[in-house]
Amino acid sequence: RESERGLRIQNIVDLFPIFADLDQEAREDLLLLFQPRAAAPGERIIRKGGRPDAAYFISSGAVQVTVDGREIPLGPGEFFGEMALLSRARRSADVTAIDYCQLLALPERDFRMFVSKHPGLRAQLDRLAAQRRTMNREP
Ligand code: CMP
């Protein structure tokens, strides 16, 4: 049991570089907060302009972010839906599954609580969100 849990925790960290700096305890907390969710090809997971509910981490499959005609694919180890949560804004893009996906959803309240406890993670997320925002502003 114990070693199985250790394995699962290690897997999450290996899959998501964004969590690489978290200690064991934080990783365990995160595992308890994640809510597994599946998505089928063509399913719209996030609608631009909508109210945020969660951030999503991709364990398998692929999604496509669509913003102003630009299409950005995201795959395992990547995540989406963090921007509206970080900046208390509406959704900045559509996100649609382009394959069968296994997602780990982190509900808004848990996301807020978790990042406020881990400033290093918050800083990394803010940096990436800024890069994504800049990319979306480029013509
Ligand atoms: P959010 O605005 O909450 O909902 C749409 C999501 O699409 C956004 O968070 C990001 O996670 C993602 N997204 C927006 N723009 C980009 C981009 N340029 N590259 C990758 N992902 C993006």
Given the residues Ile58, Ile72, which is the only one that is within 23 Å of Ile12 (Cβ to Cβ) and aliphatic (A, V, I, L, M)? Ile58
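Condition check ((1) in contact with a strand residue (DSSP E or B) (Cβ under 6 Å, 6 or more places away or on another chain); (2) of a type outside the set (S, T, N, Q)) across all residues:
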| position | (1), (2) |
| --- | --- |
| Gln24 | no, no |
| Arg51 | no, yes |
| Ser60 | yes, no |
| Val67 | no, yes |
| Arg70 | no, yes |
| Phe80 | yes, yes |
| Met83 | no, yes |
| Ala97 | yes, yes |
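Scan the stretch 21-37 for residues that are outside any loop (DSSP other than H, G, I, E, B) and under 14 Å from the mean Cα position of the chain (by Cα) and report the count.
At the first step, the residues of the stretch 21-37 found to be outside any loop (DSSP other than H, G, I, E, B) are 24-33, 35-37.
Filter again for under 14 Å from the mean Cα position of the chain (by Cα), leaving 30-31, 33, 35-37.
Of the residues in the stretch 21-37, 6 are outside any loop (DSSP other than H, G, I, E, B) and under 14 Å from the mean Cα position of the chain (by Cα).
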Residue hits (the stretch 90-139; within 8 Å of the ligand (Cβ to nearest atom), of a type in the set (A, V, I, L, M, F, W, C) and farther than 29 Å from Glu28 by Cα) are Ala93, Met135
Kindly check whether there is at least one residue in the stretch 72-80 that is over 19 Å from Phe16 (Cα atoms) and modelled with pLDDT of 95 or more. no
For Ser92, the lone unmet condition from (1) in contact (Cβ under 8 Å) with a residue 24 or more places away in the chain; (2) touching a helix residue (DSSP H, G or I) at 6+ places or on another chain (Cβ under 9 Å); (3) of a type in the set (Ser, Thr, Tyr); (4) exposed (fewer than 15 other Cβ atoms within 10 Å of the Cβ) is (4)
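The values are calculated or read from the model by the stated rules, or taken from the named source; none is laboratory data. None of the values given here were measured: they were computed from a predicted structure. Every residue, glycine among them, receives a Cβ derived from its backbone with ideal geometry; neighbour counts consider all protein chains shown.
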